[in-house]
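The structure under discussion appears below in the form of structure tokens.
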Amino acid sequence: MKSKGYPRWNIHRNEPSYAEKFFMQVLQNNNINYSFEHAVPNQKNYFYYLDFFIEKDNFKIDLEIDGEQHKYRKEHDSIRDEFLEKHGYLVYRITWNNINTESGKVAMKEKIAKFISFYDNL
């Protein structure tokens, strides 16, 4: 496998982030099967790693948990999302909120509920 040489955020990692661990638990609690860091080859012989690859019926879902670094990589994310969508993936992005504050907890609960509703209505 090749890495394109982007900073750390584009390299396949072995250890999930806190936000990813949190969402692993969310998905498990909702009986949603997933594959973590599922590799999808792109047209340049590199790979896109999906935070969570979920299959439901005939749908392929890429659930992305976006941290602070995504504020600076909008163009890359847009190109990546367009590629995946052309190849039949539904890309669903959730921006992570710090859950150490009450407002962060409320925001994450709303985002989780919205994703679960999206998933259930496929």
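The values are calculated or read from the model by the stated rules, or taken from the named source; none is laboratory data. If you're wondering where the values come from, they're calculated on a predicted model, not measured in any experiment. Please note: Cβ atoms are built from the backbone with ideal geometry, for glycine as well, and neighbour counts cover all protein chains shown. Protein only, heavy atoms only, side chains kept; ligands, DNA and RNA dropped before computing areas. Shrake-Rupley method; radii C 1.70, N 1.55, O 1.52, S 1.80 Å.
Taking a ≥ b ≥ c as the square roots of the eigenvalues of the Cα gyration tensor, the stretch 31-122 is classed as oblate, since a/c reaches at least 1.5 and a/b does not exceed b/c. In plain terms, the chain from residue 45 to residue 75 could stretch by 8.9 nm, reckoned as 0.36 nm per residue minus the Cα-Cα distance. Think of a 1.4 Å ball rolled over the protein heavy atoms: the stretch 73-122 then has 64 Å² of accessible area per residue.
Per-residue surface analysis assigns residue 77 an accessible area of about 10 Å², computed on protein heavy atoms at 1.4 Å probe radius. Shown in residue order for the stretch 108-121 are the 3J(HN,Hα) couplings computed by the Karplus curve 6.51 cos²θ - 1.76 cosθ + 1.60 at θ = phi - 60°: 5, 4, 5, 5, 5, 4, 5, 5, 4, 4, 4, 4, 5, 8 Hz (x for Gly and Pro).
From the phi angles alone, apply the Karplus equation (6.51, -1.76, 1.60; θ = phi - 60°) to the stretch 89-96 and give each ³J(HN,Hα) in whole Hz, x where the residue is Gly or Pro. For the stretch 89-96, the Karplus-derived couplings read 8, 9, 9, 10, 9, 10, 7, 5 Hz, x marking Gly and Pro.
Amide H to amide H under 5 Å from residue 38: which residues, 5+ apart in sequence or cross-chain, H placed 1.01 Å off N in plane? Placed amide hydrogens put 50, 53 under 5 Å from residue 38. Need one word for the stretch 79-122: rounded, prolate or oblate. Basis is the Cα gyration tensor (sqrt eigenvalues a ≥ b ≥ c); a/c below 1.5 gives rounded, then a/b vs b/c decides. Since a/c reaches 1.5 but b/c is at least a/b, the shape of the stretch 79-122 is classed as oblate.
By accessible area, using a 1.4 Å probe on protein heavy atoms only, the stretch 66-122 has 51% of its surface on carbon and sulfur.
What FRET efficiency would be calculated for the residue pair residue 31, residue 85, taking the C-beta separation as r and a Förster radius of 25 Å, to the nearest 0.05? E(calc), rounded to 0.05, equals 0.45.
What does the charge count around residue 65 come to, taking other residues whose C-beta lies under 9 Å from its C-beta (Lys +1, Arg +1, Asp -1, Glu -1)? So the environment of residue 65 carries a net charge of -3.
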